[in-house]
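Only one structure is covered here, and it is reproduced in the block below.
The values are calculated or read from the model by the stated rules, or taken from the named source; none is laboratory data. Nothing here was measured: the structure is a model prediction, and the numbers come from that model. Cβ coordinates were reconstructed from backbone atoms using ideal geometry, including for glycine residues, and neighbour counts include every protein chain displayed. Heavy atoms of the whole protein, side chains included, go into the accessibility calculation; ligands, DNA and RNA do not. Shrake-Rupley method; radii C 1.70, N 1.55, O 1.52, S 1.80 Å.
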Amino acid sequence: MGVELDMVNRDPNGLNDHVRVLFDEVIAEPDGAHSINCVWTCAYRCFECCKGCCYKLLTLLCGCPLAMCWGCQFGCITFSHIWHITPCMRMFMINCGCLQKFYGTCLQCYLQPLCEAFSFLFSNIRVSNVSG
């Protein structure tokens with residue numbers, strides 16, 4: 001494995017900033033509609049406790065099986081890219097390079113002389129305005 005886990009900052013790339021939920025981001029009392037302080041404090045503690053317990057219970061039950069599923073998924077994707085997609089892309093690029101050379105040769109052999117002939121033919125045309 002060789003990689004050390006950061007046990008403090010577990011989301012160093014900010015992948016899940018969108019699900020960071022704090023009490024005051026969910027429940028707020030506007031001026032003129034305040035509950036009793038002890039209710040507000042108790043509600044805060046209940047919210048944080050239930051959120052933390054629920055998350056810990058779900059991670060305890062589902063964390064390792066889901067990590068195994070995601071590990072298998074990303075393993076399959078990696079395998080597919082290494083052994084199938086990248087070689088197919090390389091083959092496609094090689095074939096396109098060959099087709100590009102073929103197409104360029106055809107243009108130089110057939111179209112370029114035609115364009116030069118027509119340019120020579122049309123180069124002797126003179127246009128003059130005669131007012132009448």
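For the range 57-115, max minus min Cα coordinate along each principal axis, in Å, sorted largest first?
Largest to smallest, the principal-axis extents are 77, 20, 6 Å.
Please report, in Å, the Rg and the Dmax of the range 25-86, where both are computed over Cα atoms only.
21.9, 65
Which value at 222 nm does the chain reach when only helices count, each DSSP H run of 4 or more adding -39,500 (n - 2.57), with the total divided by all residues and rounded to the nearest 500 deg cm²/dmol? Don't jump to the answer; show the numbers that get you there.
Values: 4 runs with 81 residues, N = 132.
Helix contribution divided over all residues of the chain: -21000 deg cm²/dmol.
So what's the net charge close to Tyr44: Lys and Arg +1, Asp and Glu -1, counting the other residues with Cβ under 13 Å from its Cβ?
Working: positive: Arg45, Lys51; negative: Asp24, Glu25, Glu29, Glu48.
My count for the surroundings of Tyr44 gives -2.
About the Cα centre of the range 1-95, what is the dipole size in debye to 20, counting +1 per Lys and Arg Cβ and -1 per Asp and Glu Cβ, all else neutral? Walk me through the intermediate numbers first.
Numbers: 6 positive and 9 negative charges, 100 e Å.
That gives a dipole near 480 debye.
Placing one identical point scatterer on every Cα of the chain and ignoring solvent, what is log10 I(q)/I(0) from the Debye formula at q = 0.18, 0.19 Å⁻¹?
With one equal scatterer per Cα and no solvent, log10 I(q)/I(0) is -1.18, -1.23.
Accessible area per residue of the range 2-132 at 1.4 Å probe, in Å²? Mind dumping the intermediate values first?
Working: 12350 Å² over 131 residues.
Per-residue value: 94 Å².
Based on the Cβ-Cβ distance of Asp17 and Glu48, what FRET efficiency does E = 1/(1 + (r/R0)^6) give at R0 = 22 Å, to the nearest 0.05?
Numbers: r = 19 Å, r/R0 = 0.85.
Calculated value: 0.70.
Full extension from Leu57 to Val3: what is 0.36 nm times the residue separation minus their Cα-Cα distance, to one decimal in nm? Please list the in-between numbers first.
Working: separation 54, 0.36 × 54 = 19.44 nm, distance 2.66 nm.
Contour length minus Cα-Cα distance gives 16.8 nm.
Once fully extended, how much extra length lies between Leu107 and Cys76, figured as 0.36 nm per residue of separation less the alpha-carbon to alpha-carbon distance?
Details: separation 31, 0.36 × 31 = 11.16 nm, distance 4.40 nm.
Residue separation times 0.36 nm, minus the Cα-Cα distance, leaves 6.8 nm.
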